[in-house]
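Read through the structure below, which is laid out as structure tokens, and then see the notes.
The values are calculated or read from the model by the stated rules, or taken from the named source; none is laboratory data. This is a predicted model, so every value here is computed, not measured. Note that each Cβ is placed from the backbone with ideal geometry, even for glycine, and that neighbours are counted across all protein chains shown. In case anyone asks, the SASA skips ligands and DNA or RNA and just uses the protein heavy atoms, side chains included. Shrake-Rupley method; radii C 1.70, N 1.55, O 1.52, S 1.80 Å.
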Amino acid sequence: MIRLALTAAATAAAALLTAALAQQAPAAGPRSHLAPLAYVALGDSYSAGSFVRPWSTDGCGRSEHDYPHQAARRLKLALTDVTCSAAEVRAGLLEAQSELKGPPSVPPPGGWAAKPAQVGAVSASTDLVTVGAGGNSVGFAEIVETCVKRGLASFGTGTPCTDHYTRGEGASRLDARFTTLEADFTGLLKEIRRRAPHAKVAVVGYPAVVDEAAGCGWGSWNQLGTVAKGDMPWLDTLERRVNGLLRDQAARGGAMYVDTYASSTGHGVCAAAGERWMYGIKDTLTGSGDQSDPPSELCRSLPAGGEACTVLHPNLRGTTHQADRVTEALTALGATKR
């Protein structure tokens with residue numbers, strides 16, 4: 001009896017001790033608050049940081065110093081970066097992308113494998129999404145090429161490119177591209193919401209490229225090559241038109257708009273070398289390491305001006321500036337260091 005009584009007393013004491021410890025210990029529960037937020041970056045070459053070393057060699061030219069990587073490192077986010085050069089909102093983000101431009105600018109034998117639709121990386125577990133695209137959908141690279149050719153033919157005089165795109169068939173085709181971009185971007189934001197209803201989304205606009213032409217010289221390939229000086233204001237207007245569409249789409253789609261244009265004015269391709277955050281058409285590479293881009297035949301045909309045909313993309317200063325704005329935006333959306 002004594003032994004039974006002692007056993008019962010010990011059991012009761014142990015039960016009381018266990019209950020007391022349970023009250024003092026934090027309740028067991030999910031540990032998700034300790035995990036980094038899942039961040040998915042979608043976009044084109046301006047989001048991929050193309051031509052800033054080091055970059056991926058899969059045809060997308062995705063830089064380790066693009067704004068998704070920089071922002072993710074600063075905020076300790078779990079990054080999935082599927083940005084890719086030459087991506088359009090439709091052919092690239094919403095659907096598979098078969099046309100790849102690098103760098104590397106010279107594709108391997110047989111070309112690069114097509115990339116799946118970027119939006120496929122977004123899922124119910126995604127916390128944050130950035131989207132930076134639209135320029136390829138309106139044909140910005142093709143437009144610059146046209147301006148280069150028409151400026152050469154006019155020996156840099158007049159406004160040959162502006163005239164082409166603001167009159168007749170050139171204007172109607174450009175308007176049609178903007179109409180398509182608007183519809184595609186609306187569809188993209190809806191698809192992101194469908195896949196990740198609880199994610200916070202930021203639409204990233206383009207930084208200033210040709211915000212003022214005072215420092216540009218005709219024929220300088222570190223800048224705009226043979227684009228006529230009279231056409232440079234229109235190129236700026238074109239970029240601001242794209243950014244305006246992206247801003248409107250963000251507002252309609254319940255996303256945050258990230259303005260990288262206002263804070264980069266004065267640092268476009270026409271700025272002094274030490275102040276430029278933008279590569280010219282042909283320029284000297286920036287970034288870490290010694291990665292190079294063997295020039296294509298077309299690039300080799302251009303006069304000396306730099307080691308690679310960088311074709312108006314942000315340099316390392318530029319991608320870091322983009323990362324500053326995106327980091328601020330993601331912080332406002334709830335991302336903090338964990």
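Quick check: the angle from helix 140-153's long axis to the longest principal axis of the chain, C-alpha only, nearest 10 degrees?
Roughly 20 degrees between the two axes.
Take the chain, connect every pair of alpha-carbon atoms lying under 10 Å apart with a spring to form a Gaussian network, then pick out the residue of L152, L312, L128 with the largest mean-square fluctuation.
For the chain, modelled as a Gaussian network with Cα springs under 10 Å, the answer is L152.
Mind grabbing the accessible area of E95 for me, 1.4 Å probe, Å², rounded to tens?
90
What does the charge add up to near S296, with Lys and Arg as +1, Asp and Glu as -1, over the other residues with Cβ less than 14 Å from its Cβ? Before the final figure, lay out each step's value.
Numbers: positive: K101, K282, R300; negative: E145, D293, E297, E307.
Summing Lys/Arg as +1 and Asp/Glu as -1 gives -1.
How high is the relative contact order of the stretch 93-212, in percent, with contacts defined as C-alpha pairs under 8 Å that are six or more residues apart?
Once divided by the residue count of the stretch 93-212, the mean separation gives 38 percent.
Taking the chain as a Gaussian network, where each spring joins two C-alpha atoms under 10 Å apart, which residue of A71, A273, A87 fluctuates the most?
Per the Cα network of the chain with a 10 Å cutoff, A273 tops the list.
Determine how large the accessible area of R90 is when every protein chain is in place; take a 1.4 Å probe and give Å² rounded to the nearest 10.
90
Going by a ≥ b ≥ c, the root eigenvalues of the Cα gyration tensor, does the stretch 193-288 fall in the rounded group (a/c under 1.5), the prolate group (a/b larger than b/c) or the oblate group?
Numbers: a/c = 3.00, a/b = 2.00, b/c = 1.50.
Prolate.
Which one, S301, A335, H267, is farthest towards the positive end of the dipole of the stretch 260-338 when Lys and Arg carry +1 and Asp and Glu -1 on their Cβ?
Working it through, the farthest residue towards the positive pole turns out to be A335.
Rounded to the nearest 5, what % of the DSSP beta bridges within the chain are antiparallel ones? Mind showing how you got there, number by number?
Numbers: 5 of 25 bridges.
Taking every DSSP beta bridge with both residues in the chain, the antiparallel ones total about 20 percent.
Let me make sure I get this right: for the stretch 38-117, a, b and c are the square roots of the gyration tensor eigenvalues over alpha carbons, sorted descending. Under 1.5 in a/c it's rounded, otherwise prolate if a/b > b/c, else oblate. Which is it?
Working: a/c = 2.34, a/b = 1.43, b/c = 1.64.
Oblate shape, in that a/c is at least 1.5 and b/c is the bigger or equal ratio.
Just to make sure I understand: if all protein chains stay in place, what is the order of Y39, Y257 by accessible area at 1.4 Å, largest first?
On the way: Y39 0, Y257 40 Å².
Largest to smallest exposure gives the sequence Y257, Y39.
Which one of G135, L188, S154 has its Cα pushed farthest toward the positive end of the charge dipole of the stretch 115-204, where Lys and Arg give +1 and Asp and Glu give -1 at the Cβ?
L188
Based on alpha-carbon positions alone, could you give the equivalent ellipsoid semi-axes of the chain from the gyration tensor, as √(5λ), descending, whole Å?
On the way: eigenvalues 512, 86, 64 Å².
Taking √(5λ) for each Cα gyration eigenvalue gives 51, 21, 18 Å.
Could you work out how far helix 2-24 tilts from the main Cα principal axis of the chain, as a 0 to 90 degree angle to the nearest 10?
The answer is roughly 20 degrees.
Multiply the residue gap between T186 and M256 by 0.36 nm, knock off their C-alpha separation, and tell me the result in nm, one decimal place.
Numbers: separation 70, 0.36 × 70 = 25.20 nm, distance 1.42 nm.
Between T186 and M256, full extension yields an extra 23.8 nm.
Once the other residues with Cβ under 15 Å from the Cβ of G170 are scored (Lys, Arg +1; Asp, Glu -1), what is the net sum?
Values: positive: K149, R150, R167, R173, R177, R241; negative: E142, E145, D163, E169, D175, D231.
Computed value for this residue: 0.
Once the Cα atoms of helix 168-195 and of the chain are each reduced to a long axis, what angle between those two axes, in degrees from 0 to 90 to the nearest 10, is obtained?
Orientation of helix 168-195: about 10 degrees from the principal axis.
Taking the Cα centre of the stretch 31-116 as origin, sum charge times position over the Cβ atoms of Lys and Arg (+1) and Asp and Glu (-1), and report the length of that vector in debye to the nearest 20. Mind dumping the intermediate values first?
On the way: 9 positive and 8 negative charges, 80 e Å.
The dipole magnitude comes to about 380 debye.
When ligands, DNA and RNA are left out and all protein chains stay put, how many square angstrom of accessible area per residue does the chain have with a 1.4 Å probe?
On the way: 15520 Å² over 338 residues.
Per-residue value: 46 Å².
Please say if the stretch 129-188 is rounded, prolate or oblate, where rounded means a/c under 1.5 for a ≥ b ≥ c the square roots of the C-alpha gyration tensor eigenvalues, and otherwise the choice is prolate for a/b larger than b/c and oblate otherwise?
Working: a/c = 4.28, a/b = 2.00, b/c = 2.14.
The shape class here is oblate.
Would you mind calculating the gained length between A273 and T57 on full extension (0.36 nm times residue separation, minus the Cα-Cα distance), in nm to one decimal? Let's see the in-between values first.
Numbers: separation 216, 0.36 × 216 = 77.76 nm, distance 2.81 nm.
In short, 74.9 nm is gained.
Pull out the extension gain between A114 and R300, defined as 0.36 nm times the separation in residues minus the alpha carbon to alpha carbon distance; nm, one decimal. Write out the running numbers ahead of the final one.
Working: separation 186, 0.36 × 186 = 66.96 nm, distance 2.69 nm.
This chain segment gains 64.3 nm when fully extended.
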